[in-house]
1. Solvent-accessible area per residue for the chain at a 1.4 Å probe radius, Å²?
2. Return the sequence-ordered ³J(HN,Hα) values of the stretch 96-107 in whole Hz as given by the Karplus equation 6.51 cos²θ - 1.76 cosθ + 1.60 applied to θ = phi - 60°, using x for Gly and Pro.
3. Suppose R0 equals 35 Å. What FRET efficiency, 1/(1 + (r/R0)^6) with r the Cβ-Cβ distance, do PHE580 and ASP559 give to the nearest 0.05?
4. Quick one: what are the phi-derived ³J(HN,Hα) couplings along the stretch 218-233, Karplus 6.51/-1.76/1.60 with θ = phi - 60°, whole Hz, x for glycine and proline?
5. Just to be sure I understand: of the beta bridges DSSP finds with both ends in the chain, what percent are antiparallel, rounded to 5?
6. Once the whole set of protein chains is in place, how much accessible area is left on HIS523, using a 1.4 Å probe, in Å² to the nearest 10?
7. May I ask which residue of TYR292, PRO508, ALA330 lies farthest towards the positive end of the charge dipole of the chain, with charges of +1 (Lys, Arg) and -1 (Asp, Glu) on Cβ and the Cα centre as origin?
8. Nearest 20 debye, what's the magnitude of the dipole of the chain about its Cα centre given +1 on Lys and Arg Cβ and -1 on Asp and Glu Cβ?
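The values are calculated or read from the model by the stated rules, or taken from the named source; none is laboratory data. Note that the coordinates shown come from a computational prediction; the quantities given were computed from them, not determined experimentally. So basically every Cβ, Gly included, is an ideal-geometry build from the backbone, and we count neighbours across all protein chains shown. Please note that ligands, DNA and RNA were not included when accessible areas were found on the heavy atoms of the full protein model with its side chains. Shrake-Rupley method; radii C 1.70, N 1.55, O 1.52, S 1.80 Å.
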Amino acid sequence: MKPRFQYRLSALALGIAAMSPALAADAQGAAPAPAAPTTTPIQHVIVVIGENHTFDNLFGAYQPRKGQTIHNLLSQGIVNADGSPGPNFARAVQQQAGNTSAYRVDPGITGAYAFLPQPQTTYATGLPPGVADVRFPADLPPGPFQITKYVPYDAFVGDPPHRFFQMWQQADQGKHDLFAWVGVTAGIGPDNSFNPPSYGPNNTFQGGEAMGFYNMSSGDAPKFKALAQRYALSDNYHQSVMGGTGANFLAIATGDVAYFNANGVPAKPFDNQIENPDPQPGTNNWYRKDGYTGGSYVNCADPSQPGVSAIQGYIDSQPGHAFRGGNCAADTYYLVNNYGLGYTFDGKAKPVLATNFTLPPQTIPTIADALSAKRVSWKWYSGGREPTRTTKEYCGICDPFTAFTSIMTTPLKANLQGVPELYADLARGGQLPAVAFVRPFESQAGHPANATTSAFENFVADLVDKVKANPALWRHTAVLVTVDEGGGYYDSGYIQPVDFFGDGTRIPLLAISPWARRGHVDHTYADHASILKFIEKNWRLQPLSARSRDNLPNPRHDDENAYVPTNRPAIGDLMTMFDFERGDVDHGDRDGHRGDGGND
């Protein structure tokens with residue numbers, strides 16, 4: 001089978017294997033080189049990526065500085081500042097639906113919930129897994145609820161479903177009213193080895209936890225609140241791909257979607273690994289083939305494939321269509337959920353079998369290839385990444401460059417390091433690369449069930465303080481803080497249908513820099529490709545490939561709606577979060593401030 005198009009590889013991706021050892025070592029940034037020229041005062045970009053929170057889940061009750069506006073649960077009147085249901089609570093009431101024959105993104109509504117399904121427990125809550133979480137009442141109103149009315153801010157909580165076809169249904173073509181129903185009916189899919197024994201179409205132990213949010217108006221997330229008050233916050237930033245961690249980390253690295261291949265040529269995966277979200281007979285939305293030990297690939301160019309026409313029909317109904325056909329190449333099966341990545345730490349290709357659920361090595365162009373080709377230094381720092389073995393603090397699918405031949409079969413694999421190496425590079429000042437991606441330790445990444453939001457914000461605040469400790473470094477640095485995806489939590493914001501794969505729900509993005517607009521809430525539409533566009537504009541790089549999202553134009557907005565681009569599909573480059581013309585640069589301790597530990 002031949003693809004309809006060919007990926008345009010960077011010069012480095014095509015030729016690095018033939019480099020001399022000296023040139024390869026220089027390309028990987030092992031020895032400090034003169035800083036590459038930039039278009040802004042920013043000479044270092046540090047991208048910190050946590051996990052699994054929508055914008056409303058974390059900033060739903062944030063009140064911005066005077067003169068700023070925001071779209072969140074509080075501003076929309078969905079909740080009150082004390083976390084109780086607001087005058088417009090009905091806007092977020094969760095509905096039930098019927099879907100008994102074929103997958104739909106807009107199943108027929110059968111009526112609202114009287115109360116939310118009781119949130120579920122997980123393996124990390126300290127309670128028996130797969131049962132109702134009795135810390136939360138069984139009569140929660142059928143919309144957003146404040147998590148910390150029932151458990152402490154630093155407590156472990158349940159983990160909502162957040163897979164590809166589930167997220168499309170949760171959003172319900174922009175109505176955002178099926179988060180609880182999808183959790184109850186589809187859950188995390190039938191093909192998951194860690195499901196409780198009784199988990200099935202009539203009892204998924206999912207649903208209600210998706211509507212929880214933290215309340216900054218009552219003291220939750222104080223350090224993130226302080227950073228937003230002092231620097232810049234986007235309330236229109238989105239995950240690139242509907243679904244979970246793996247696909248979105250790959251999108252951060254490429255602006256694209258990985259696919260099954262044989263020696264780099266698109267091929268058909270094993271039958272048990274192809275998604276089928278059509279309901280099983282006699283069930284209401286219990287998918288036929290879906291899960292971490294089941295379906296995760298989709299041939300979205302073929303409308304006869306299960307689930308494809310439902311999503312593609314919605315995309316085709318939207319204005320624009322820069323990516324016709326959903327950006328789906330013929331005979332190509334794209335990975336839309338989580339599978340292990342193709343290489344070991346030391347660059348050995350892993351076996352690709354029907355039973356091991358491993359993505360074959362990828363040749364899609366990456367931002368690392370583009371930076372290296374222009375001799376711009378970069379590293380990816382992962383918590384728990386050790387030279388010879390993994391630890392419980394390491395997330396393999398959060399280390400995306402281990403998927404790529406151009407990295408893992410060349411000296412560039414030395415640029416994949418651990419968080420201790422990040423701290424050492426910061427302490428040495430001049431050793432920090434121009435572009436640094438940081439995935440915290442697993443216990444500090446914020447993923448519900450095995451981490452906490454408080455641990456994630458502590459990690460971020462500590463990292464920012466470490467950067468500020470070197471004034472020369474701080475003056476030329478931008479720290480961008482986001483998460484991989486929304487984790488299946490509710491969000492009230494607009495979602496732009498860009499192509500078959502997404503966008504997905506809004507997620508937080510903070511721009512922390514002496515050049516960030518102070519206390520600004522930015523409404524420009526953005527997603528993970530915006531980080532690539534910012535890097536590319538700052539270092540004068542070209543888009544990664546002919547099909548990557550960084551090709552999309554910057555959005556234009558009108559006065560009637562600051563959130564929906566008039567030239568969609570369009571993705572911003574984050575430059576609107578900065579003021580590079582300002583003369584009075586924030587040096588980090590102005591007005592007596594010392595750090596951002598929640599005391600500003």
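1. 34
2. Rounded to whole hertz, the list is 9, 9, x, 8, 9, 10, 9, 4, 9, 8, 9, x.
3. Values: r = 25 Å, r/R0 = 0.72.
FRET efficiency, PHE580 to ASP559: 0.90.
4. 10, x, 6, 6, x, 6, 5, 4, 4, 5, 5, 5, 8, 10, 10, 10
5. Values: 27 of 56 bridges.
Here the antiparallel bridges make up roughly 50 percent for the chain.
6. For HIS523, the solvent-accessible surface is approximately 40 Å².
7. So the residue furthest toward the plus end is ALA330.
8. Numbers: 45 positive and 55 negative charges, 233 e Å.
In debye, rounded to 20, the chain gives about 1120.
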